[in-house]
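Asker: The structure that follows is given in the form of structure tokens.
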Amino acid sequence: MKIPLMKPYLPGTISKEIQKVLDSGFLTEGRTTRKFEESISEFLRAKYVLAVCNCTAGIEIALRAIGVGPGDQVIVPDFTYPATANAALITGASVTLVDVNPHTMLIDHKDLEAAITDNTRAVLPVSLFGNPLDFEFLLRLKERYGFYIIEDAACSLGAMYGGRHVGTLADITVFSLHPRKLITTGEGGLITTNDRVLAKWMDSYRHFGMEPDCADHRRLFNSIGGNYKLSNVQAAIGLAQMTDIEKLLKERAALAKRYKAMIAPISGVSLPRETDNAFHSYQTFVVFVEQRERVMQILRRQGIEAQIGSYSLHTQPAFKREARCNWKGTLSGSLYAYQHSLALPLYNGMTRKEQESVVNALKEAVTC
Ligand SMILES: Cc1ncc(COP(=O)(O)O)c(C=O)c1O
């Protein structure tokens with residue numbers, strides 16, 4: 001593709017950080033993982049940060065930490081990557097899929113409230129594409145009904161709501177470090193929380209059930225856990241990128257602003273609504289178009305790697321078949337987003353000329 005959907009930001013300093021790990025001979029999780037976690041914690045101002053092998057596992061760990069299992073209900077927006085609902089179903093819980101607002105693609109407030117039952121243990125909403133959830137609403141609802149908020153912020157590192165970073169607002173937030181994300185370690189994830197007890201439980205769970213903070217020679221296994229660690233080698237990649245995170249976010253905001261100015265006058269293309277009182281981190285830049293498949297194919301034929309926004313889970317065979325997965329009504333907001341959302345190329349280092357080529361091709365595709 002002449003203009004790819006994304007290009008990970010991989011500064012030269014990464015090889016130096018990796019070389020340090022190789023020189024130490026300590027390739028599994030260790031000091032570099034701790035340094036990476038500290039840099040994230042400092043950036044977000046989150047008390048506890050746990051690096052894990054990926055975001056999907058991180059969501060599963062977060063749900064297990066609050067005791068989610070068979071008999072519990074977890075509420076998930078229908079428009080998201082399947083990983084969100086999968087992580088909840090893997091715990092043995094039931095999932096209720098609810099609609100999203102067709103303008104924001106974020107969980108629909110009315111549908112969410114209507115889906116709450118006595119069995120609702122967790123709401124698992126998604127801060128999507130870098131656009132954060134409306135936490136004023138979510139926290140009010142949490143207070144009324146008493147559920148946990150486990151936020152899937154796979155795409156939203158760097159986003160803010162009400163002057164606070166995503167990662168400090170929910171009971172537990174989980175980010176992805178996949179290469180399409182702002183900061184990447186290849187595969188990887190980050191769990192954040194301000195709750196000491198939950199953090200301690202999750203720390204143990206990601207280390208085979210080992211008691212945290214016990215000396216190496218006196219390991220104590222107090223519970224059953226898995227191996228969900230992020231290695232020093234992976235952490236070295238993320239650590240090198242963290243030095244530039246503010247610069248990367250500023251650049252993405254400027255690229256998005258330019259896209260919006262160029263796209264606004266094009267009839268046949270509309271822009272999603274952004275959350276008020278928030279900072280969008282623009283992991284993905286999405287527009288809505290009619291005949292999305294046709295437009296996407298035209299762009300691709302010109303070497304522009306456009307992509308669908310995300311999935312409407314209730315249309316997917318796995319969720320249709322799953323007895324523990326349910327929903328009511330047509331979920332029309334999610335279907336709209338699934339059929340009309342189009343992700344355009346956006347990456348750090350993208351030039352004005354590249355953006356103009358994307359927009360010109362888009363304009364031609366929607367008018368022809
Ligand atoms: C909303 C959402 N949740 C979860 C995931 C899964 O992330 P990971 O690949 O790190 O497991 C993704 C992947 O992009 C995602 O978009």
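The values are calculated or read from the model by the stated rules, or taken from the named source; none is laboratory data. Given the structure is predicted, the values throughout are model-derived calculations rather than measurements. Calculation scope for accessible area: heavy atoms of the full protein, side chains included, ligands and nucleic acids excluded. Shrake-Rupley method; radii C 1.70, N 1.55, O 1.52, S 1.80 Å.
Asker: Could I get the Rg over Rh figure for the chain? Both from C-alpha atoms, Rh via Kirkwood, rounded to two places.
Answerer: 0.97
Asker: Let me ask something else about it. Which residue, LEU97, LEU27, LEU133, tops the fluctuation ranking in a GNM of the chain built on C-alpha contacts under 10 Å?
Answerer: LEU27
Asker: Give the percent of DSSP beta bridges with both residues in the chain that are antiparallel, rounded to the nearest 5.
Answerer: Once the DSSP bridges in the chain are tallied, antiparallel ones form about 60 percent.
Asker: Continuing with this model, one more query. From the phi of every residue in the range 34-50, what ³J(HN,Hα) in whole Hz does the Karplus formula 6.51 cos²θ - 1.76 cosθ + 1.60 yield, where θ is phi - 60° and glycine or proline is x?
Answerer: Going residue by residue, I get 4, 5, 5, 4, 4, 5, 5, 4, 5, 5, 7, 6, 9, 5, 10, 10, 10 Hz, with x marking Gly and Pro.
Asker: In the chain, what percent of the accessible surface is made up of carbon and sulfur (1.4 Å probe, ligands and nucleic acids excluded)?
Answerer: Here it works out to 51 percent.
Asker: So if I average 1/r over every pair of distinct C-alpha atoms in the range 1-57 and take the inverse, what Kirkwood radius in Å does that give?
Answerer: 13.8
Asker: Quick one: of LYS35/LYS257; LYS7/LYS110; LYS2/LYS247; LYS229/LYS257; LYS142/LYS247, which pairs are farther than 28 Å apart, Cα to Cα?
Answerer: Cα-Cα > 28 Å for LYS35/LYS257; LYS7/LYS110; LYS229/LYS257; LYS142/LYS247; rest within.
Asker: Here's another thing I want to ask about it. Rank SER332, SER24, SER231 by mean-square fluctuation in a GNM of the chain with C-alpha springs under 10 angstrom and give only the top-ranked residue.
Answerer: Sorting by GNM fluctuation, first place goes to SER24.
Asker: Add -39500 (n - 2.57) for each DSSP H run of 4 or more in the chain, then divide by its residues: what number comes out at 222 nm, to the nearest 500 deg cm²/dmol?
Answerer: So the helix-based figure for the chain works out to -12000 deg cm²/dmol.
Asker: Follow-up question, since we're still on this one. Hey, what's the chain come to in accessible area per residue, 1.4 Å probe, Å²?
Answerer: 44
Asker: Right, something else. Mind checking which aspartates and glutamates have their C-alpha under 15 Å from LYS181, skipping anything on the same chain fewer than 8 residues away?
Answerer: ASP152, ASP244, GLU246, GLU251
Asker: For the range 218-276, I need the span (max minus min coordinate) of the C-alpha atoms along each principal axis, in Å, sorted largest to smallest.
Answerer: Reported extents, whole Å, longest axis first: 66, 27, 20.
Asker: If you don't mind, there's one more thing I want to ask. Gaussian network model of the chain, Cα springs within a sub-10 Å range: biggest mean-square fluctuation belongs to which of GLN355, GLN73, GLN283?
Answerer: GLN355
Asker: Now for a different question. In whole percent, what relative contact order does the chain give with Cα contacts below 8 Å and a gap of six or more residues?
Answerer: 25 percent.
Asker: Considering only C-alpha atoms, what is the centroid distance from the range 66-91 to the range 189-240, in Å?
Answerer: 22
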